[in-house]
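Colleague: Please find one structure pasted underneath; my questions will follow.
The values are calculated or read from the model by the stated rules, or taken from the named source; none is laboratory data. Since this is a predicted model, take the numbers as computed values, not measurements. Glycine also receives a Cβ, built like all others from the backbone with ideal geometry; neighbour counts cover every protein chain displayed. We work out accessible area using only protein heavy atoms, side chains counted, and drop any ligands, DNA or RNA first. Shrake-Rupley method; radii C 1.70, N 1.55, O 1.52, S 1.80 Å.
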Amino acid sequence: MGGRTQPIAVAGFDEWRAAARELIVRRVPPESVQWTSPGGGGDLFGAQPGPAPEPGTAEQPAAPQTTRAAEGVAAASVPAASTPPAPFGLRVPRALMELLQTAACYRAGDRWSFLYKVLWRWQQGQQEVMSMADEDGNRLQTMARAVRREEHDMHAYLRFRERPAGEGAPRFVAWFEPAHDVLPQVAQHFAARMGRATWLIATPEATVLWDGAALHFTGPLARGAADIEDAGEALWLTYYRSIFNPARLNPDVMHSHVRTRFWKNMPEAALVPDMVSQAAAGARRVGQASAVGRRSGTTIPIAPEKAQPERQQPHTLDECRRCELWERATQAVPGEGAKKARIMLVGEQPGDQEDLQGHPFVGPAGALLDRALAQAGVDRSTVYVTNAVKHFKWEPRGKRRLHKTPAQKEILACHYWLEGELEQVGPRVVVALGSTALKAVLEDSHAALKDYMDQPVQHAGRWVVATYHPAYVLRVPGADEKARALAAMVEALRAAAKIAYE
Ligand code: URA
């Protein structure tokens, strides 16, 4: 322990994981390890151009000086050859391992030492190291989020160009300049979506070829390798011009949605300056007039304070930027439970524990909810449990993160997801747990819990039962009042079950 600094070279996450596992088992503290990458560049492919090194060649990174672990940090404790048996095993939750793996794709010179520090702290019992409220946790989450965003951007903004027929494989090529090491996972994404069509993606650091059956990674190619004119591109540009509506042009929004560094590699970007100037020269008014003219019916004016901004329609919760809550949350927490449940329980938003674990109602409020469900004779595995808002809204109070009630605009922004869940699950009864849930479920920002507690109401073709939020039952002062609130909750759950199964 302590003493001399151990130099360890790793080229990728799997090597880091094996080395880190051994170091942890041998109790080597972070300050006693010096992590390096082959070529010194700190990226997952090494800094040198050329084909990927074959296992066993001189280019393979040096193994750590201890026995190599068989598989995975989480596997078990393996003592180093020269040390006594390790006094403790190493268990790492899947959520932390996934975070470490994602953050490992973030380009930072100190990534391996930072990840080891996080693992070390976890092993020392400092579980807050995964939390946004912790300095290292915050950095870890921020790195992982930047990597996920980069992956998403690469899926969205990479443009394949078709090579002339008869020139052999690959049929499509693309050039992209990712800010982080996301090429392997992005390659998997395209391999799964493009069938047997062959393609190649070149980046400044590495290249991947899909031959229709397998992926092959090599070092970087020259930038010009992806410069190909294609007929498909001409068609796409014509289409892009035809769907462009100058009345809706907002250059600031356009640039904030598609980060500027991607524009140069997107063929449609070349059309934009021209279209922007057309819009400024009056096409905007004309476009608007014709679009409005096509609409039928009466014009209903909307008060400015009620007008909602146009929001993105993301495909996955991870991508959701419909309001600002994603920025401070560890992760979005989706609903979960029986796929076609007859009863859906809707809470307010994830709490501290839910935010860390990624599942709804797993903290103290969840324990109370489980108690109420058991008393009502409802098996939790038969219901679907979700929240009106999918990201944890909090404010710092010392080292703690204190829950903050979501604002109406956040409830509205998140209704998009609740609607999707209602449609997919199709419950007969929705139980609104507390006031935020009730407002979301009834789509009425003025709905008050006390007005709906007495009896179920019908809304949008299903029954809605309103009751207290479990956190209210936990914090209401006085044993009698607590018992009364719990009994009311149990009663509401019984009523929901009766409607659902009668
Ligand atoms: N409170 C909620 O409303 N939902 C949760 O998932 C946890 C606490």
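Colleague: Can you tell me the order of 203-215, 469-481 when each peptide is scored by its average per-residue count of other Cβ atoms within 10 angstrom, highest first?
Modeller: Numbers: 203-215: 17.2, 469-481: 15.2.
For the peptides 203-215, 469-481, the packing ranking is 203-215, 469-481.
Colleague: Which value, in debye to the nearest 20, gives the size of the charge dipole of the stretch 158-226 about its Cα centre, when Lys and Arg are +1 and Asp and Glu are -1 at the Cβ?
Modeller: Values: 7 positive and 6 negative charges, 52 e Å.
So the dipole magnitude of the stretch 158-226 works out to roughly 240 debye.
Colleague: Tally Lys and Arg at +1 and Asp and Glu at -1 over the other residues with C-beta under 15 Å from the C-beta of Leu96: what net charge comes out?
Modeller: +2
Colleague: I'd like the accessible area for Ser445: 1.4 Å probe, protein heavy atoms, all chains in place, Å² to the nearest 10.
Modeller: Only protein atoms counted, so the area is about 50 Å².
Colleague: Roughly how many Å² of Trp326 are accessible to a 1.4 Å probe, to the nearest 10?
Modeller: 50 Å²
Colleague: Per 0.36 nm of contour for each residue apart, how much would the distance between Gln127 and His459 grow if the chain were fully extended, relative to their Cα-Cα spacing?
Modeller: Working: separation 332, 0.36 × 332 = 119.52 nm, distance 4.27 nm.
Extra length from Gln127 to His459 when fully extended: 115.2 nm.
Colleague: So, one more: Taking 35 Å as R0, compute the FRET efficiency from the Cβ-Cβ separation of Lys450 and Tyr416 and round it to 0.05. Please report the intermediate quantities before stating the final value.
Modeller: Numbers: r = 28 Å, r/R0 = 0.80.
Plugging the Cβ-Cβ distance into 1/(1 + (r/R0)^6) gives 0.80.
Colleague: Counting pairs of alpha carbon atoms under 8 Å apart in space and at least six apart in sequence, what relative contact order in percent does the stretch 92-209 give?
Modeller: Computed value for the stretch 92-209: 21 percent relative contact order.
Colleague: Among the listed pairs Lys409/Lys482; Lys409/Lys439; Lys393/Lys439; Lys390/Lys498; Lys339/Lys482; Lys117/Lys399, which have their C-alpha atoms separated by more than 22 angstrom in this model?
Modeller: Numbers: Lys409/Lys482 31 Å; Lys409/Lys439 12 Å; Lys393/Lys439 17 Å; Lys390/Lys498 28 Å; Lys339/Lys482 33 Å; Lys117/Lys399 20 Å.
Over 22 Å Cα-Cα: Lys409/Lys482; Lys390/Lys498; Lys339/Lys482.
Colleague: Calculate, for Arg475 and Thr5, the FRET efficiency according to 1/(1 + (r/R0)^6) with r their C-beta to C-beta distance and R0 41 Å; round to the nearest 0.05.
Modeller: Values: r = 50 Å, r/R0 = 1.22.
Efficiency, from the Cβ-Cβ distance: 0.25.
Colleague: Find how much the distance from Gln312 to Arg196 grows on full extension, using 0.36 nm per residue of separation minus their present alpha carbon separation; answer in nm with one decimal.
Modeller: Numbers: separation 116, 0.36 × 116 = 41.76 nm, distance 3.18 nm.
Gain on stretching Gln312 to Arg196: 38.6 nm.
Colleague: Ok, one more. So how much accessible area does His155 have, in Å² to the nearest 10, using a 1.4 Å probe?
Modeller: Taking all protein chains as shown, His155 has close to 60 Å².
Colleague: Expressed in nm to one decimal, what extension gain is obtained for the pair His155 and Ala483 from 0.36 nm per residue of sequence separation less their Cα-Cα distance? Before the final figure, lay out each step's value.
Modeller: On the way: separation 328, 0.36 × 328 = 118.08 nm, distance 5.23 nm.
Taking His155 through Ala483 to full extension adds about 112.9 nm, to one decimal.
Colleague: At Lys399 and Thr218, where each label point lies 7 Å from the Cα along Cα→Cβ, what is the point-to-point distance in nanometres?
Modeller: Result for the modelled spin labels: 5.3 nm.
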